[in-house]
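What follows is a set of notes on a single structure, which appears directly below.
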Amino acid sequence: MTTTIQNKRLHLFVTLLLILLAIAGRAQSVEDDPLVLSLQESIERAINNNVSVKQTELQVIGSQVALKQSKADLLPSLNASTGISYSVGRTINQFTNEYVDQPVRQQNMGINSQLTIFNGLQRLNTIKQNKINLEGSQYELEASKDAVTLNVIQAYTQILFNIELLETADFQLQTTQQQLQRTEKLVNAGSLPIANQLQLEAQLASDELNIVNAENDLELAYLNLKQLLQIPESDAIEIIIPELEAPTSAELPFSAGVVYEGAVQNWANLQSAELQINSARYGLAIAKGGYYPTLSLSAGIFSQYSSIAPDQIPRAGTDNITSVLPTGDFLQVPDGLIPDLPAGTRIPVLTETQIPSEFTDNTYWNQLDFNLRRFISLDLNIPIFNNWRVRSNVANARINMESARLEVINQRNQLRQTIEQVYLDAKAAAKSFEANNKRVASLQEAFRNTETRYQVGAIDAVDFNQAKNDLNAAESDLIRAKYNYIFSLKVLDFYQGKPLDF
């Protein structure tokens, strides 16, 4: 009974262990599954992860902020200020306009607003310029994405080239192995000399080296693509190998000029450069605005508090109270005349009376209310001489506009020259591809004949290896010409704004 229970427990433990191992193995296999990418997915991933593209996106955001700020500059400004001070020594009592020698605590506060009514249309032109700068930064973003796209197309095509080259090298190795196996049998039977076997063994070693080199080249091509996509080298990726038909010369555009005419309408660098001319024009208008007067409107409210103010102050809005001299809780004011004096004698007497209603306690808020001051002003600033600063700004703006015009010419020349170079590369690749096609077809037939003759002992291994190497070289050249042509066609499609995919 005990043994049965132990067996059941052991069986359960083994079952659980197998389940856990299966789960772990499955998780590991999922983790090791390579990331499979198409050309379009590779381009999107590279653009999303590229640091230069992200920096250009920040420039677009900065241009948006600049445009919003230039629009906000049309609004009036509003600012509040306050300051508290404490002084010891002689100072002027602002209520009696007399010097006093005692500690004084003061506070000033105010709110002011200013609105520029006219400044030579500089702010309006700045808004127009910033709109153009924003559009230009968006084209620069597209240009940054275009550069990444071209790099990814080249890296993707290079992987396809190396994959096909590796497959060809592997096929060549298999052919050599088959011939070596036949030759070993014939050598053992005494039908062929040992030299034939040694020659094929040397050829086999050479083919194995070609595979190693092809594998290294493929690994480097994958590494290049990973770096463009910001993928760590340790992560496995694979690309989708498209069904590529052999390209023909019919796919080549009629001329480089046709490609250029289409590219002029789509090339982001050129569009950005042309917008910079308009931006420079508004920059010139902004600089010329410095010649004009500036008209501005200002308004403000101010008040202050002082610790040396009298205990009683006039109420806010009370006028013509200049004869009052505060003394404690009462005021001494003229109050009637002394009676029964000789004729013509009039002696005023001062008597203490209650504070009239025009006065109030000197509290903090009452004093602020009493000292409240408001103003509004219209200011005109006429520039007469400012050390030639405006004239220098205008001259620099003209230089910027001419520089922008030359940059457009430069961009057009660069675009035209690049397209002409790519077009000639495509033409050369097309011719090379067609020539290599014929060459490979001839060498394949020649190799089949050589292989047959070798098998019957009509030629030795040296002639066989020479024919095989000639075919291998021709096939490698054909693959290279094929992918050079495919890449050139894709670049020409890119300049014309056509969809990029295989």
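Numerical summary
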item	result
Listed peptides 58-64, 100-106, 232-238 by packing density, highest first (mean Cβ within 10 Å)	58-64, 100-106, 232-238
Accessible-area value, Ile277, 1.4 Å probe, nucleic acids and ligands omitted, Å²	30
Among Pro34, Gln69, Asn50 the positive-end extreme of the charge dipole of the range 33-90 (Cβ point charges)	Gln69
The range 121-226 shape via C-alpha gyration tensor axes, a/c threshold 1.5	prolate
Size of electric dipole in the range 99-164: Cβ of Lys, Arg +1 and of Asp, Glu -1, about Cα centre, debye, nearest 20	440
Length-normalised contact order of the range 132-287 in % [C-alpha pairs under 8 Å, at least 6 apart]	43
Within-15-Å neighbourhood charge of Ala263 [Cβ basis; K, R +1; D, E -1]	-2
Proximal lysines to Lys128, defined as alpha-carbon separation beneath 17 angstrom and excluding residues fewer than eight positions away on the same chain	Lys68, Lys71, Lys288
Residues of type aspartates and glutamates that Lys482 reaches as a straight line, Cα spacing below 16 Å, ignoring anything fewer than 8 places off in the same chain	Glu164, Glu167, Glu243, Glu245, Glu251, Asp425, Glu434
Listed residue (Asn213, Ile159, Leu200) projecting farthest to the positive dipole end of the range 130-214, Cβ model	Leu200
Average accessible area per residue (Å²) across the range 388-502 - probe 1.4 Å, nucleic acids and ligands excluded	54
Counted charge near Leu180, where neighbours are those whose Cβ lies closer than 15 Å (Asp, Glu -1; Lys, Arg +1)	-3
Alpha-carbon centroids, the range 173-187 and the range 49-122: separation in whole Å	91
Along principal axes, Cα extents of the range 166-263, largest first, whole Å	71, 41, 20
Magnitude of the charge dipole, the range 84-215, Cβ model with Lys/Arg +1 and Asp/Glu -1, debye to 20	1080
Leu297 accessible area, assembled protein chains, probe 1.4 Å, Å²	60
Accessible-area value, Trp267, 1.4 Å probe, nucleic acids and ligands omitted, Å²	40
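The values are calculated or read from the model by the stated rules, or taken from the named source; none is laboratory data. Quantities reported herein were computed from a predicted structural model and do not represent experimental measurements. With ideal geometry, Cβ positions are generated from the backbone for all residues, glycine too; neighbour counts draw on all protein chains shown. Keep in mind that these areas ignore ligands, DNA and RNA; they rest on the heavy atoms of the full protein, side chains included. Shrake-Rupley method; radii C 1.70, N 1.55, O 1.52, S 1.80 Å.
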